[in-house]
Structures are given as structure tokens and as C-alpha cells.
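Here's the structure, in C-alpha cells; my notes come after.
The values are calculated or read from the model by the stated rules, or taken from the named source; none is laboratory data. The shown structure was predicted, so the numbers you read here are calculated from the model rather than taken from an experiment. Every residue, glycine among them, receives a Cβ derived from its backbone with ideal geometry; neighbour counts consider all protein chains shown.
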Amino acid sequence: RMEVGKLRTGCEEFDELMGGGIETQSITEMYGEFGSGKTQIAHQLAVNTQLPRDMGGLDGSVIIIDTENTFRPERIEQMVAGLSQKFEQDFDPAEFLKNIHVARAYNSNHQILLVDAAMEMANNLKNTDKPVRLVIVDSLTAHFRAEYVGRGTLADRQQKLNKHLHDLQRFGDLNNASVIVTNQVMSKPDAFFGDPTRPIGGHILGHTATFRLYIRKSKGDKRIVKLVDSPCLPDGEAVACITTDGLCD
Ligand code: ATP
Ligand code: MG
């Protein structure tokens, strides 16, 4: 077993909450309402992963499985500019974009297959100077939610999601990579999915994702990140800000 890496978020409180950063060889689930900041944080992590370790990164490249077409290269450029300011260095946004490999997933089956493709790409990059150290699935649950509707589909959906998560865990283990998945929760009770405080994917995600982060909006650009039911860390909350420059204290 390789030594677990820690990916820093850009927000100190957030890093402390996670025991130093987002761990490799683990799945971290971010769940929260529409607009809570899940995709923004994912973009930031895609940038930070590429930093050298002494700057809180993993010196690696990134694969994003994008199911809602929400990846924005311009946002990456803004965040790289933010890092250049923070570290007083001239980071090249084009270089960062080059190391983020984005694949659109058109449906849930395609999404599952893309993990195999990711594994192949990771194998190809394994002995380069930028091995894959982060895979993001944003959103993990949207396709499943849209496709499996109505009674009688629940068991099938959970089984597929479960397999998908196990594939992702395996990816993280074999590549010493972090795995980030997002999961939208409804503000209002949902007729089919029930309890709004329980994310879609419910129990199965609860057991498979090692770290579960509930993200919610606060005043202005502030976000509250809550660590829920961690097997090895105390529950707690952190305040992070989402600005044009990216995630910060
Ligand atoms: P969903 O569940 O719909 O996917 P989400 O949790 O992924 O939502 P995000 O898209 O990450 O939500 O968050 C959108 C919010 O991020 C915006 O409402 C805004 O507050 C903030 N945001 C987006 N872009 C910028 C920017 N360039 N500068 C500052 N804040 C931004
Ligand atoms: Mg999003």
C-alpha cells in the first residue's frame, strides 16, 4: 500500500477538517443543494492537484467525468491566476488545462464505462511526471436519478451505483489518487427520493464514500462545509469562501 497523499483545498479550515487535506485512496463525497458550490470546489481541486507537494498538491494530472456539462475552462484559468497571486509565481493556465482530461458522460451506463477509460489513461500516464492523482465525477447521481424513476427501479439503481463506486475506489487505490464525487440534495422533500436531508443514493453512498461533506451556502461568498459520519475523523464544520480567485479562507 502506497502512502496516503493529502490534497490541500486552499482553505485552511477545510484542510484541518479533513485532517490535513483530501486523502488519496479514498472517495470523498460532496453533497448539497443546487448552487452550494460542489462544482466550484471540484474545479479548485482539479487545479490544486497539479501543484507540487510542498504547495499542497499531488504533482499529478486530473480526470473529470462530467455528466452535466458544467466544466468551465475559463473558471480554471481564473483559479490559476488566483494561485499565481497567492504563491507569487507565474503559473501557466494552459499548462493546467492540459493536465485536466474531461470526458462527458451521456448516460449512467456510459458514466460507468468511463471509469475503465480513466483507468487506461491512468496506466498510460503512470510513469510520466504527471500521473493521474485525482478523478472527479460531477455529478455522480444526476443520470441515475433521471433514468431510474418510479417504483421497482430502486434496487437496480443502487446496485449500479454500488458497482460504480467500487470501480472508483479501485481506481483510487491502484493509482494512489483522490476520488471526488458530487451529489445534489433537494431543499424540498422529493416525492420519490423521500427525506431531503438524505442525499440521493442514500445508504449505499453512506457506506462506500469514506468522507462525506455536506456543503451549504452562507452569507455572501461563504460556504459551510460539514464533515458527516467520518470513520476516522471527528465531525465538524469549516467555513470556506468561493471568490473569483477560487477557494480561500
Ligand atoms: P449543482 O447541484 O446545481 O450542480 P453546485 O453545488 O455544483 O450546484 P456550483 O456550480 O459549484 O454549485 O456553485 C455555483 C455558485 O458558485 C454560484 O452561484 C456562485 O455563487 C459561485 N461562483 C461561480 N462562479 C464564480 C466566480 N467566477 N466567482 C465567484 N463565485 C463564483
Ligand atoms: Mg454542480
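Just give me the residues in region 21-46 being within 16 Å of ligand 2 (Cβ to nearest atom) and among the aliphatic types (A, V, I, L, M), in sequence order.
Matches in region 21-46: MET30, ILE41, ALA42, LEU45, ALA46.
Picking from residues in region 38-84 that are acidic (Asp, Glu) and more than 12 Å from ILE136 (Cα to Cα), the one that is surrounded by the fewest Cβ atoms within 10 Å (Cβ to Cβ) is ASP54.
With GLN40, GLN89 as the choices, which residue is within 13 Å of ligand 1 (Cβ to nearest atom) and either free of Cβ contacts under 8 Å to residues at least 40 places away in the same chain or not in a loop (DSSP other than H, G, I, E, B) (or both)?
Sole residue among the options that is within 13 Å of ligand 1 (Cβ to nearest atom) and either free of Cβ contacts under 8 Å to residues at least 40 places away in the same chain or not in a loop (DSSP other than H, G, I, E, B) (or both): GLN40.
Of LEU114, LEU165, LEU161, LEU140, all but one fail to be in contact with a strand residue (DSSP E or B) (Cβ under 6 Å, 6 or more places away or on another chain), in a helix (DSSP H, G or I) and either surrounded by 13 or more Cβ atoms within 10 Å (Cβ to Cβ) or at pLDDT below 95 (or both); the exception is LEU114.
Please go through region 219-235 and pick out each residue that is in a loop (DSSP other than H, G, I, E, B) and touching a helix residue (DSSP H, G or I) at 6+ places or on another chain (Cβ under 8 Å). Result: ASP229, LEU233.
Restricting to region 66-91, name every residue that is more than 13 Å from ligand 2 (Cβ to nearest atom) and either of a type in the set (S, T, N, Q) or under 15 Å from LEU134 (Cβ atoms) (or both). Listed by number, the residues that qualify are ILE76, GLN78, MET79, SER84, GLN85, GLN89.
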